[in-house]
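Presented below is the structure to which this report refers.
The values are calculated or read from the model by the stated rules, or taken from the named source; none is laboratory data. No experiment lies behind these values; they were computed from the predicted model shown. Glycine gets a Cβ as well: all are built from the backbone with ideal geometry, and neighbour counts include every protein chain shown. Please note that ligands, DNA and RNA were not included when accessible areas were found on the heavy atoms of the full protein model with its side chains. Shrake-Rupley method; radii C 1.70, N 1.55, O 1.52, S 1.80 Å.
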Amino acid sequence: MPAHVAESDSTPDPTGTTDPLAHERAHLAASRAALRGMREDVQALDIRDVTANWVNAAVLQSQIDDRIKALADLSHTPLFFGRLDYLHAVGGELAEGADGERFYIGRRHVHDAAGDPMVIDWRAPVSQPYYQASRTNPQDVGLRRRFGYTGGELTAYEDEHLTDPAEAEHTSRLLQAEIERPRVGPMRDIVATIQPEQDEIVRSGLGGTVCVQGGPGTGKTAVGLHRVAYLLYAHRERLARTGTLVIGPNRSFLHYIEQVLPALGELEVKQATVDDLVRTGVEVRGEDEAATAVVKGDARMAEVLRRAVRSHVTAPVEPVVVVRGSRRWRVPAYEIQEMVDELLARDMRYGAAHEALPQRIAHAVLVRMEEAGEAPDDRVQSAVARNPAVKAAVKAVWPAVDPAKVVLRLLSDAEFLAAHAGGLLSEEEQKRLLWAKPARSVKSAKWSAADAVLIDEAGDLVARTHSLGHVVLDEAQDLSPMQYRAVGRRCSTGSATVLGDLAQGTTPWSTESWGEALFHLGKADAVVEELTAGFRVPREVIAYASRLLPAISPGLAAVESVRESPGSLAVREVPGGVAELDAAVVAACEESLRHEGSIGLIAADARIPVLAAALEAAGHAYLSPGEETTVESRLTLVPASLAKGLEYDYVVLDEPGAVVDGEPDERTGLRRLYVALTRAVSGLIVLHAAPLPEVLVQA
């Protein structure tokens, strides 16, 4: 049987030590000392004699500062969480020596003064059997040891002898305890609890895009973040040049996950929302009706914009006459038209073609000069391209275009819109796009979030958007086709990790299939993986929430939770009116606060002010989503619209019917309710005065 060793246990360690826990604690202390030594070595570096100028010195000092941060010893984060004892020597630089080599697996690599490894990075190839080895495939691992910590102190361990037929297979109690550990503060990494199916996704290569469909509690967000950390480990030089980006649904979500990668020593990954990406030049002050936003987010708008941008190209009506000295060089209009036709046929970016046309005209002039016996060089061609006559011709034929002005005109000018939306958008759809009161200028316009995406698309038609090496897109099911295109432009020459759950799509334009979404993203050949094992939400809670699946996402497999937690769900009807419900909600929060961990009170957005007042009247302080929970402040008041991606140890859900009614349609409302029902890690209390949604009751 496995040994779950407490401090007082004296079971012999495989090394022969009679107090194995003391041995492991000694290794932890030595590893921490080695890490401090590594950090001090970097801090002691003197760069005065190796930098040529102040710019080089600043760059090198910045790199040193980042390295010092990456080597920080976080007291609340265990330096290692596991150990592998191999049966034989492992090939490679890390494993030269005698049989039966041992490796401690942790969040980062640590070596001693002689360069010998004390802790192996969880991303190293030699660490992979920690996640993948099993009794049927031990991968030459004789012993896998998991460590338990309390307050940063190593307090327990648990062994699996993978090649011992006499030892029965079991569920790791330490693994289960780590998964269920109370959640206070931001999201934690899951390096100690990564499951085999998750590990395969984490370690998939940089070359391809991976889409992960995962229900609540399957760890898809953590898998995506850990895949970034793995890719930075395996392809650091390449990604250092091209960059990485994590895209989340809102700022609260990004704040919740922002400490995961730094805890793994990765400090260079930027985070943003889709709105952050596209709001680079206009101020978003307006809001669209849902029907209008759906049209603006439709992929057909890309062709409308393409037509509108290209409509600025006009046929030349006059020849270009270039005067140089006493000579006049004439390029006829039909020849300029041929140049324009060729540039249009090549489907170049509008701005690139605008820059290319004067060079084409100048080249035609140089050909004539050579035919006349002159010997012009590149400097002459550049001078001709800047000639006033050439510049005037280009301005008339292929003028510069402001993307925001193009979109402004489409939304303000019915004739201009009809000319470019014909055959694409119906008359009704065109009416939805037009502003009731056209704006006078780009600055005065009340742009919506969907308008910003259109401007971003138009901007890419004019000049290519910079592509990153890798992008992680979380809660991807909520994006419109045009938003997918905006993200796809940011990884057009790189790869992506797409994370989401079709059942949690809560926007009117949310995607119906990953195939469609990946097509708009420009990654139609992506591999789609599905995570169906739940590690966060208790079985009783996820089963209750899954009653909604036939109505919100028919055919989607329900999550099978591995966690049994009897009594984790309570559904209570509150007799009386609003006052009685408010009081019951406050009482349920007080009941939940008697447990350890974070508490989330989730309610329809319209109910938030009322519940805030009720909590204040009862003397309870509360946080807003995105504010970090602490031991002293553990209760967060969460509008249902911001609950996605967040998790709490205990959740109180106020009036499910109000959550559904707060959305534009029933399906979206039920999906919002599905999200709210699946935020709990340990317990969920559902309170209602009005009838529950029929689909919950019928099931």
Q | Residue satisfying condition, being open to solvent by 20 Å² or more (accessible area, probe 1.4 Å) and of a type in the set (Val, Ile, Thr), within set 294, 320 | A | 294
(Q) Can you find, within segment 214-236, the residue that is modelled with the lowest pLDDT among those that are of a type in the set (A, V, I, L, M) and over 10 Å from residue 497 (Cβ atoms)? (A) 222
Q: Mind listing just one residue for me: the one in segment 308-317 that is surrounded by 14 or more Cβ atoms within 10 Å (Cβ to Cβ) and not small (Gly, Ala, Ser) and, of those, farthest from residue 416 (Cα to Cα)?
A: 316
Q. Of these, 600, 662, which one is small (Gly, Ala, Ser) and closer than 23 Å to residue 220 by Cα?
A. 600
Q: For segment 330-361, name all the residues that are crowded, with 20+ Cβ neighbours inside 10 Å, touching a residue at least 40 places away in the same chain (Cβ under 8 Å) and of a type outside the set (Val, Ile, Thr).
A: 350, 353, 354, 357
Q: Take residue 285 and decide whether it is of a type in the set (D, E, K, R) and touching a helix residue (DSSP H, G or I) at 6+ places or on another chain (Cβ under 9 Å).
A: no
(Q) Given the criterion among the small types (Gly, Ala, Ser), surrounded by 13 or more Cβ atoms within 10 Å (Cβ to Cβ) and modelled with pLDDT under 95, identify the matching residue among 439, 414. (A) 439
Q) Restricting attention to segment 616-634, which residues are crowded, with 20+ Cβ neighbours inside 10 Å and either out of contact with any strand residue (DSSP E or B) (no Cβ under 8 Å at 6 or more places or on another chain) or more than 21 Å from residue 674 (Cα to Cα) (or both)? A) 629, 634
Q) Does at least one position in segment 503-514 carry a residue that is aliphatic (A, V, I, L, M) and out of contact with any Phe, Trp or Tyr (no Cβ under 7 Å at 6 or more places or on another chain)? A) no
Q. How many residues, within segment 503-524, are buried (at least 20 other Cβ atoms within 10 Å of the Cβ) and at pLDDT 95 or above?
A. 6
**Q.** Every pair of residues 6+ apart whose Cβ atoms lie under 6 Å, when the first sits in segment 264-275 and is without any contact (Cβ under 8 Å) to a residue 40 or more places away in the chain while the second is of a type in the set (D, E, K, R) and assigned to a strand (DSSP E or B)
**A.** none
Q.
Within segment 463-473, does at least one residue satisfy the condition of being in a helix (DSSP H, G or I), open to solvent by less than 20 Å² (accessible area, probe 1.4 Å) and not hydrophobic (A, V, I, L, M, F, W, C)?
A. no
Q) Looking only at segment 544-575, which residues are farther than 23 Å from residue 507 by Cβ and either basic (Lys, Arg) or open to solvent by less than 60 Å² (accessible area, probe 1.4 Å) (or both)? A) 544, 561, 563, 565, 568, 569, 570, 572, 574
Q.
Please determine whether any residue of segment 652-665 is more than 18 Å from residue 585 (Cβ to Cβ) and either touching a strand residue (DSSP E or B) at 6+ places or on another chain (Cβ under 7 Å) or free of Cβ contacts under 8 Å to residues at least 12 places away in the same chain (or both).
A. no
Q) Can you tell me which residues in segment 25-69 are open to solvent by less than 60 Å² (accessible area, probe 1.4 Å), of a type in the set (Val, Ile, Thr) and assigned to a helix (DSSP H, G or I)? A) 42, 64, 68
Q. Since residue 164 meets every condition but one in (1) open to solvent by 50 Å² or more (accessible area, probe 1.4 Å); (2) under 31 Å from the mean Cα position of the chain (by Cα), which condition does it not meet?
A. (2)
Q.
Considering only segment 680-695, I want to know if a residue exists there that is open to solvent by 30 Å² or more (accessible area, probe 1.4 Å), without any contact (Cβ under 8 Å) to a residue 12 or more places away in the chain and closer than 25 Å to residue 534 by Cβ.
A. no
Q: Residue by residue through segment 606-621, note down the ones that are on the phi < 0 side of the Ramachandran plot and of a type in the set (Gly, Ala, Ser).
A: 606, 612, 613, 614, 617, 618, 621
Q. Do the conditions hold for residue 622, that is, is it within 27 Å of residue 695 (Cβ to Cβ) and either under 27 Å from the mean Cα position of the chain (by Cα) or without any contact (Cβ under 8 Å) to a residue 24 or more places away in the chain (or both)?
A. no
Q: Would you mind finding the one in 409, 432 that is farther than 13 Å from residue 296 by Cα, under 35 Å from the mean Cα position of the chain (by Cα) and either at pLDDT 95 or above or open to solvent by 50 Å² or more (accessible area, probe 1.4 Å) (or both)?
A: 409
Q) Residue check, residue 536 against (1) open to solvent by less than 10 Å² (accessible area, probe 1.4 Å); (2) part of a loop (DSSP other than H, G, I, E, B), all met but one. Which one? A) (1)
(Q) Of all residues being closer than 22 Å to residue 646 by Cβ and without any contact (Cβ under 8 Å) to a residue 12 or more places away in the chain in segment 578-615, which is least open to solvent (accessible area, probe 1.4 Å)? Just the residue, please. (A) 609
Q: Quick one: in segment 657-678, of everything that is open to solvent by 10 Å² or more (accessible area, probe 1.4 Å) and basic (Lys, Arg), which residue is farthest from residue 592 (Cα to Cα)?
A: 667
**Q.** Matching entry among 67, 32 (being at pLDDT 85 or above and of a type in the set (Lys, Arg))
**A.** 32
